[in-house]
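The structure appears right after this line, and notes come after that.
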Amino acid sequence: MNNHSANRKVLISGASIAGPALAYWLDRYGFDVTVVERASTLRGGGYAVDIRGAAREVVDRMGLLPRLREAHVDTRRLSFVDADGAPISSVAPETLTGGAAGLDLEVRRGDLASALYAPLRHRVEFLFGDSIATLDDRPDRVDVTFDSGAHRTFDLVIGTDGLHSHTRGLVFGPEDAFHRYLGHVFAGFTLANDLGLAHEAVTWNSPGRAAVLYAHEPADRVHGFLILKREDFAFDAFRDPQAQRELVAAAFPERSWHVPRLVDAMREADDLFFDVVSQIHMPTWSRGRVALAGDAAHATSFLSGQGSSVSLVGAYLLAGELASHTDHAAAFAAYERRARPFVERNQALATSGGTGLIPGTQDLLDARNAALRATPADLAGPADPAGTGKRAAHNDVVLPDYDHAG
Ligand SMILES: Cc1cc2nc3c(=O)[nH]c(=O)nc-3n(C[C@H](O)[C@H](O)[C@H](O)COP(=O)(O)OP(=O)(O)OC[C@H]3O[C@@H](n4cnc5c(N)ncnc54)[C@H](O)[C@@H]3O)c2cc1C
C-alpha cells in the first residue's frame, strides 16, 4: 500500500479483539503479519461486549457493520431487584451506558473475534496453540522462540494478549507495576435459562456485591456473574479454581432471589471464568521493537464498558501510525500521542459512575435504588450538558484516514 510497509514483518501475540483488528489494518497497509494465539482455535461465544462511538467508525471502515448488526444481541432492558428480590426498576441500557440507542452494537466477544478473523484467515498466518517463549529485541530485528520450539525473526512484535499479557511480562516485567486493582473480583459462567430471559440483564445487589443474570437472544443458557468487593486481593492465593469457587460462594450466603441458583451453578460450571476487576496503566506502551495494544497496554475493566471499543480504536491507530512512519519508534510515539488521551478518559469511566453496578455501601445502594425508582431518566444525569459525560468519552479521538498514509 505504501513505501514504508515493505518488508515489515510483524508478529502479533493474541487473537481476540485487538490482535485481529491490528492484523486487519496492517495487512491492508501491506505488512507481512503473523498472529500467534495460545488457544488451539479462535475462542467463540461468551458474554457480549459493546462497540460504540469511535469504535463503530473503525468497524464501519473495515466493512464489518452488516455482519456485526446481524450478531447484535440487542439488550433491551436492564432490571434491578432489591436484596429481597423485589423489582426496583427497569431501564434502557443507554440510560446507564451513555451509549447511543440504535447505533451502539453489542455482540458476543467470540462473534466479534470471528468477524475480525474472517477476512484475514487466508491472508494472514495464524499460529494457534502456541505462545512466545523468548524475545530477543535487537537493534535491527526481534528474534523469537515459541513454546513449540520454532525460531523466527520479525521486524516488530506487538502484544495483544490481554489483561495478564505474557508479552508485557517478557518485555516490561511483572504485572504488579502496571496493575490497578479496582477492589472487586468476579466469577462469570453460564447456567440454564430457567426464567426464559431474553435481551435483558437482571441485577441483584447488596452493598459491595452484585449477582447478575444476563441473557442475549432467546437460548437455553444465560450468563451469570457474581461480583464482590474485596480489599487487597492476593490473586496468587486463588489460582486454584476450587479456592475461587469457595471464595465467591462464601460471599453470597443469601437465600433470596436467584442467588442460591447462581452460586450452585457457579460451583458446577465447566466454563467458570474468575478474575480481578482491574486496569492496566503503563507509562509507555513500547520498548525497542515491541509494543502493546488492547487490554495488554491499557485494560479499562468491564466497569467502563469500553474495553473492546478502546482496543479496536487503539489497534486502528497503531497500524495507521506504523504505515505512516518509516521509523518504528516514531510510529509507536505517534500511536501513544493519539490514543493515550482517549484511553485515559475511557479508563476514568470505570470509577466515575455514581450510579454504578455495584454500590459499595448501604447508603450508596439506597441512593442508587431511589434514583432508579424515581425515574429512569434520573440515572442519565443532567443529559450531559457540557459534553463531558460518557458519550463524549466514547467519541473523543481523531481517526485519521490512513489509507492515504505513507
Ligand atoms: C466479564 C467481562 C465482561 C466484559 N464486558 C465488556 C463490555 O460490556 N464492553 C466492553 O467493551 N468490554 C467488556 N469487557 C472487556 C473486553 O472483553 C476486553 O476489553 C477485550 O476483550 C480486550 O481485547 P484484547 O484483544 O485486548 O484482549 P483479550 O480479549 O483478553 O484477548 C487476549 C487474547 O490473547 C490470548 N493469549 C493470552 N496469553 C497468550 C499467550 N501467552 N500467547 C498467545 N496468546 C495469548 C488469549 O487467549 C486471548 O485470545 C469485558 C470483559 C470481561 C472479562
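Counted as qualifying within the stretch 27-145 are the strands (runs of 3 or more DSSP E) with 2 or more residues that are aliphatic (A, V, I, L, M), within 20 Å of His199 (Cβ to Cβ) and in contact with a helix residue (DSSP H, G or I) (Cβ under 9 Å, 6 or more places away or on another chain), namely 48-51, 87-91, 105-108.
Quick grid of which residues meet (1) more than 30 Å from Trp285 (Cα to Cα); (2) open to solvent by 30 Å² or more (accessible area, probe 1.4 Å); (3) in a loop (DSSP other than H, G, I, E, B):
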position	(1), (2), (3)
Gly149	no, yes, yes
Arg152	no, yes, no
Gly162	no, no, yes
Ala187	no, no, no
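Among helices (runs of 4 or more DSSP H) entirely within the stretch 280-373, having at least 3 residues that are free of Cβ contacts under 8 Å to residues at least 12 places away in the same chain singles out 328-352. The residues in the stretch 92-117 that are more than 14 Å from Leu65 (Cβ to Cβ) and modelled with pLDDT under 85 can be counted, and the count is 10.
Taking the stretch 192-235 as the range and being free of Cβ contacts under 8 Å to residues at least 60 places away in the same chain and assigned to a loop (DSSP other than H, G, I, E, B) as the test, the residues that pass are Asn193, Gly196, Leu197, Ala198, Pro218, Ala219, Asp220, Arg230, Glu231, Asp232, Phe233, Ala234. The number of residues in the stretch 164-180 that are open to solvent by 70 Å² or more (accessible area, probe 1.4 Å) and assigned to a strand (DSSP E or B) comes to 1. Is it fair to say Leu226 is within 21 Å of Leu303 (Cβ to Cβ) and either in the same structural domain as Ala330 (by TED's automatic domain parsing) or at pLDDT 95 or above (or both)? Here the answer is yes, as Leu226 does meet what is asked. Set side by side, the residues Ala293, Ala323, Ala315 differ, and just one is away from the ligand (no atom under 11 Å from the Cβ), assigned by TED's automatic domain parsing to the domain that holds Asp60 and within 21 Å of Val157 (Cβ to Cβ), which is Ala323. Restricting to the stretch 207-220, name every residue that is among the small types (Gly, Ala, Ser) and open to solvent by less than 10 Å² (accessible area, probe 1.4 Å). If the condition is that a residue be among the small types (Gly, Ala, Ser) and open to solvent by less than 10 Å² (accessible area, probe 1.4 Å), then Gly208, Ala210, Ala211, Ala215 are the ones that fit. Kindly check whether there is at least one residue in the stretch 234-250 that is crowded, with 16+ Cβ neighbours inside 10 Å and farther than 17 Å from Ala187 by Cα. Among the residues of the stretch 234-250, not one is crowded, with 16+ Cβ neighbours inside 10 Å and farther than 17 Å from Ala187 by Cα, which makes the answer no.
Sort out which residues of the stretch 238-256 are of a type in the set (Phe, Trp, Tyr) and either over 24 Å from Ala215 (Cα atoms) or at pLDDT below 95 (or both), and write them in order of number. Phe238 - this is the single residue of the stretch 238-256 that is of a type in the set (Phe, Trp, Tyr) and either over 24 Å from Ala215 (Cα atoms) or at pLDDT below 95 (or both).
The values are calculated or read from the model by the stated rules, or taken from the named source; none is laboratory data. Values in this document were obtained by computation on a predicted structure and should not be read as measured data. Reconstructed Cβ throughout: ideal geometry from the backbone, glycine too, with neighbour counts over all protein chains shown. The area values use the complete protein model at the heavy-atom level, side chains included, leaving out ligands, DNA and RNA. Shrake-Rupley method; radii C 1.70, N 1.55, O 1.52, S 1.80 Å.
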